[in-house]
1. Which of L76, L42, H90 sits farthest toward the positive end of the charge dipole of the chain, with +1 on the Cβ of Lys and Arg and -1 on the Cβ of Asp and Glu?
2. Tell me the mean residue ellipticity at 222 nm calculated for the chain from its helices only (DSSP H runs of n ≥ 4, each -39500 (n - 2.57), averaged over every residue, nearest 500).
3. On C-alpha positions alone, give me the angle between the axis of helix 34-53 and the longest principal axis of the chain, in degrees, nearest 10.
4. On a 0 to 90 degree scale, rounded to 10, what angle separates helix 60-89 from the longest Cα axis of the chain?
5. Please give every one of the lysines within straight-line cross-link reach of K22, meaning a C-alpha to C-alpha distance under 17 Å, and leave out same-chain neighbours fewer than 8 residues apart.
6. Compute the long axis of helix 3-26 from its Cα atoms, compare it with the longest principal axis of the Cα atoms of the chain, and write down the angle in degrees, 0 to 90, nearest 10.
7. What is the distance in Å between the Cα centres of region 69-92 and region 1-48?
8. Extending each Cα 7 Å along its Cβ direction at N55 and C11, get the distance between those two points in nm, one decimal.
Amino acid sequence: MSIFEMVMLLCFGAAWPLSIYKSWTSRSSEGKSLLFLCVILLGYIAGILNKILVNMDWVIILYIINFIMVFTDTMLYFRNVKLQRQNQSHPF
């Protein structure tokens, strides 16, 4: 286990709850990048696979938690895009 890897995951993970909250309450995809979210998801998948295939330790839990948060934000992105399209077709 690397203390630096753990700190990195904790720091990155600290930002996602706020992003999820903003996505949920704003009901808008403005300011979000689907490409960015997908790249982050891919990075967490790579980290999880590294833990499974090379160096299994408890830090995998942080990778999984972060992946779930980014995945949640990604799903909210799609929900918000759908809501925005509905609002544009029904302005009143």
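FYI, it's all coordinate maths here, none of it is from the lab. Here the structure is a predicted model, which is why all the values come from computation and not from measurement. Note that we place each Cβ from the backbone using ideal geometry, even for glycine, and neighbour counts take in every protein chain shown.
1. H90
2. -28500 deg cm²/dmol
3. Once rounded, the angle reads 20 degrees.
4. Between helix and principal axis, roughly 10 degrees.
5. Straight-line reach from K22, under 17 Å: K32, K82.
6. 10 degrees
7. 18 Å
8. Distance between the two pseudo-spin positions: 1.7 nm.
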